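Heads up: the structure comes next, in structure tokens.
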């Protein structure tokens, strides 16, 4: 395995006095899909949102340990630059109440692209990359909110791609979608991993098994802090887990 | 089975009482409006709108100068109150609530308490404050400027609160999406949050305009009450509502007071209709979420 794209070492996160994550160490390899699984409340979303420092929006959050992107400490980086490199797709589709075009053009505009033809090109390529272009190409002026749930989520993926990130974080991106839309998102991820490094949080074990190359299994300890139980290639986690708790979880004995 | 019947009866009785109460309040409101409009209507004419009051005890003349004074005052008040009120609302919701420093959070709690309190203070207090500060201490005299500043103090709490409500109704997920793309907090506010909140904020501003149109106490002690057409922000003047007050208290022209009142009532109704229209569009716009 080559140098990991992102690496966390003994990463802990506190809400005030409460420890929500306990010394999590994971290597996130480039151009692979890394899934984070575990029961509700195990800290998997919190961990994901630490990778682009979204948890900083919550007052009273404190961290220990390190998170590196390409060998650089993300907490020393400018947060705007960091989030430009690490895009995010959320659990519920959250397009802006703007047109499809304006949704996708939002990020590039923020980062200084003014030229209309260049914006149009970015919008087209992003919508193509998120497999939405054919469905919306005739009416980019339509409100993003007028799309179906699955289309909205692909619009959000296009919006994230338009900023040209290197890593994409997905927080249960299909949990609010129907099976058909879910399948589309999964196929899309498969394509996207050629160009991007993807980290996905999911409570759906089948989904993790289907789409991911690596899987991290998290669980809360007695103090309700999220711990990493096991991390490895997805096939090994699902067929020959080392830890007894991983085996219990993936075989459906709890969770 | 008898229990069931009795419960049905109780429900019907309760609903009847509530219907009666609703009908009574609507009737009372209609009665006031109808009375003023009917009493005032005979005096209404083109001249009434286009000539100034003649002054003096007779109360003769129209209301043109008071219409102009009202418009000037509403505009000047909103020019002062909008940036301050909207700015304060943005600050409270978008910045202060996220602040990590306990001192800042305490300050915000204090500011909120202040806003709530100010919203409940009788308007004459704002008038006295405006008189003491703007008219006397700052030598602005009885003028549209003094009145607009005092009026701004009166409506700023309204603007702050409606701005806060409008901002809070913007889904947090919009902000997250924007921030996660590397937008700064200010870019997020300017390009995502404010456009989504603008109708709610506009509602607050129109509400404030209505408040200025109908206010008398504040302007009684700051605007001076001249019946001449104001020519600058240093001019004295009287709004339509003040004019009604002067006519009723200092002249025998009760019919003119009623006519002016009728115009005011219609104006207020129109303002409220506009607010309704806007908020309906607002809820239609966010209906999909």
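Rule-based calculations on the coordinates, nothing more; no lab input. It should be emphasised that the depicted structure is a prediction, and the values quoted were computed from it without experimental measurement. With ideal geometry, Cβ positions are generated from the backbone for all residues, glycine too; neighbour counts draw on all protein chains shown.
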Between the alpha-carbon centers of region A:126-155 and region A:207-255, tell me the distance in whole angstrom. 34
Prolate/oblate/rounded call for chain B, Cα gyration tensor, a/c under 1.5 rounded: oblate
Expected sort for B:11-20, A:23-32 on mean C-beta neighbours within 10 Å, highest first, is A:23-32, B:11-20
Say each of residue B:14 and residue B:136 gets a label point 7 Å from the Cα, pointing the same way as Cα to Cβ; how far apart are those two points in nm? 5.5
How much of the DSSP bridge set in the protein assembly as shown is antiparallel, in percent, rounded to the nearest 5? 60
Shielding by partners for B:43-55, please: the mean number of other protein chain Cβ atoms within 10 Å of each residue's Cβ. 0
When chain A is treated as a GNM, springs tying every alpha-carbon pair under 10 Å, which of A:170, A:218, A:68 comes out with the largest mean-square fluctuation? A:68
Taking 0.36 nm per residue of sequence separation and subtracting the Cα-Cα distance, how much length would be gained by fully extending the chain between residue B:274 and residue B:60, in nm to one decimal? 73.8 nm
Expressed in angstrom and rounded, the centroid-to-centroid distance over alpha carbons for region B:21-92 and region B:202-275 is 4
Return the single residue from A:190, A:72, A:17 with maximal mean-square fluctuation; model: Gaussian network over chain A, springs between Cα atoms under 10 Å. A:17
Going by how many other Cβ atoms sit within 10 Å of their own, how do B:98, B:139 line up, fewest first? B:139, B:98
How many partner chain Cβ atoms sit within 10 Å of a residue's Cβ in peptide A:159-167, on average, as a whole number? 2
Each label point is 7 Å from the Cα along the Cα-to-Cβ direction; what then is the distance between the points at residue A:191 and residue B:91, in nm? 4.9
Using only alpha carbon pairs under 8 Å that are at least six residues apart, calculate the relative contact order of region A:6-250 and give it in whole percent. 29
Spin-label pair residue A:242/residue B:45, simplified geometry with 7 Å Cα→Cβ offset, distance in nm: 10.0
Determine the gain in length on full extension of the stretch residue A:180-residue A:70; use 0.36 nm per residue of separation and subtract their C-alpha separation, reporting nm with one decimal. 36.0 nm
Peptide B:171-177 - average C-beta neighbours from other chains (10 Å radius): 6
Listed residues B:116, B:165, B:187; largest mean-square fluctuation, Gaussian network over chain B with Cα springs below 10 Å, found at B:187
Helix A:116-129 versus the longest principal axis of chain A: what is the Cα-based angle in degrees, 0 to 90, to the nearest 10? 50
What list do you get for B:179, B:154 if you sort them by fewest beta carbons within 10 Å? B:179, B:154
Taking the DSSP beta bridges in region A:6-250 as the whole, what percent of them are antiparallel, to the nearest 5? 60
Using Cβ contacts closer than 10 Å as the measure, can you line up B:46, A:133 from fewest to most? B:46, A:133
Please work out the C-alpha center-to-center distance from region A:7-66 to region A:169-191 and express it in whole Å. 22
